[in-house]
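As structure tokens, the structure follows; a few thoughts come after it.
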Amino acid sequence: MITLIQRVKEASVSIDSIKISSINAGILAFIAFTPDDKEPQLIKMSDKILGYRIFSDDDGRMNRSIIDEKLDLLIVPQFTLAANTKSGTRPSFSCAANPQIGRNLFIQFLEIIKSKYRNIESGKFKENMHVSLINDGPVTFWLEVN
């Protein structure tokens, strides 16, 4: 399972020019699934996102999590993160979960993470989304769990 997280001042998702979700300050998380992902990976990633310390403490060090700060989280499915880009100039998506498995994993992931934290919005699986954000920092991290 792969996640790209960005610390944001605000972020939103629109489909067909209609805003379907938005957050204020917090984390924008792009999520991709692989064929091997199961519930243990979903639980690990939810814990990692919620506990990842990317917000500054009183000393200016990245030492506080989204939970510590009580900020918002926007989760957007993005299968392209699982692309194999090691050779050539065209990405291969053989490392990504197939669409039906990916959809089920996304739904399950949302259920898991929403059971742990309330301030969560999401994009929609297999939709052409327009994601807008104001990056804070920028602070961006690539997270993986096996």
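The values are calculated or read from the model by the stated rules, or taken from the named source; none is laboratory data. What you see is a predicted model, and the numbers here were worked out from it, not measured in a lab. Reconstructed Cβ throughout: ideal geometry from the backbone, glycine too, with neighbour counts over all protein chains shown.
Data overview
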| item | result |
| --- | --- |
| Residue within the range 86-108 that is of a type in the set (Ser, Thr, Tyr), over 18 Å from PRO138 (Cβ atoms), at pLDDT below 95 and not in a loop (DSSP other than H, G, I, E, B) present | yes |
| Residue list for the range 95-146, filter: under 17 Å from GLU39 (Cβ atoms) and either touching a His at 6+ places or on another chain (Cβ under 9 Å) or hydroxyl-bearing (Ser, Thr, Tyr) (or both) | SER115 |
| Checklist (1) free of Cβ contacts under 8 Å to residues at least 60 places away in the same chain; (2) exposed (fewer than 12 other Cβ atoms within 10 Å of the Cβ); (3) within 13 Å of the chain's Cα centre (by Cα) applied to TRP142, failing item | (1) |
| Test: residue in the range 58-68 that is assigned to a helix (DSSP H, G or I), at pLDDT below 95 and farther than 21 Å from GLU111 by Cβ | no |
| Hits in the range 55-74 - residues which are among the aliphatic types (A, V, I, L, M) and over 22 Å from SER115 (Cα atoms) | MET62 |
| Residues satisfying the stated conditions in the range 22-37, i.e. in a strand (DSSP E or B) and crowded, with 19+ Cβ neighbours inside 10 Å | ILE23, GLY26, ILE27, LEU28, ALA29, PHE30, ILE31, ALA32 |
| Among residues of the range 109-146, those that are over 20 Å from ILE66 (Cα atoms) and assigned to a loop (DSSP other than H, G, I, E, B), counted | 7 |
| Subset of the range 68-102 that is of a type in the set (Ser, Thr, Tyr) and without any contact (Cβ under 8 Å) to a residue 12 or more places away in the chain - its residue that is surrounded by the most Cβ atoms within 10 Å (Cβ to Cβ) | SER92 |
| Residues being surrounded by 15 or more Cβ atoms within 10 Å (Cβ to Cβ) and not in a loop (DSSP other than H, G, I, E, B) - total across the range 45-55 | 6 |
| Test: SER65 is surrounded by fewer than 22 Cβ atoms within 10 Å (Cβ to Cβ), among the hydroxyl-bearing types (Ser, Thr, Tyr), touching a Phe, Trp or Tyr at 6+ places or on another chain (Cβ under 7 Å) and under 26 Å from SER132 (Cβ atoms) | yes |
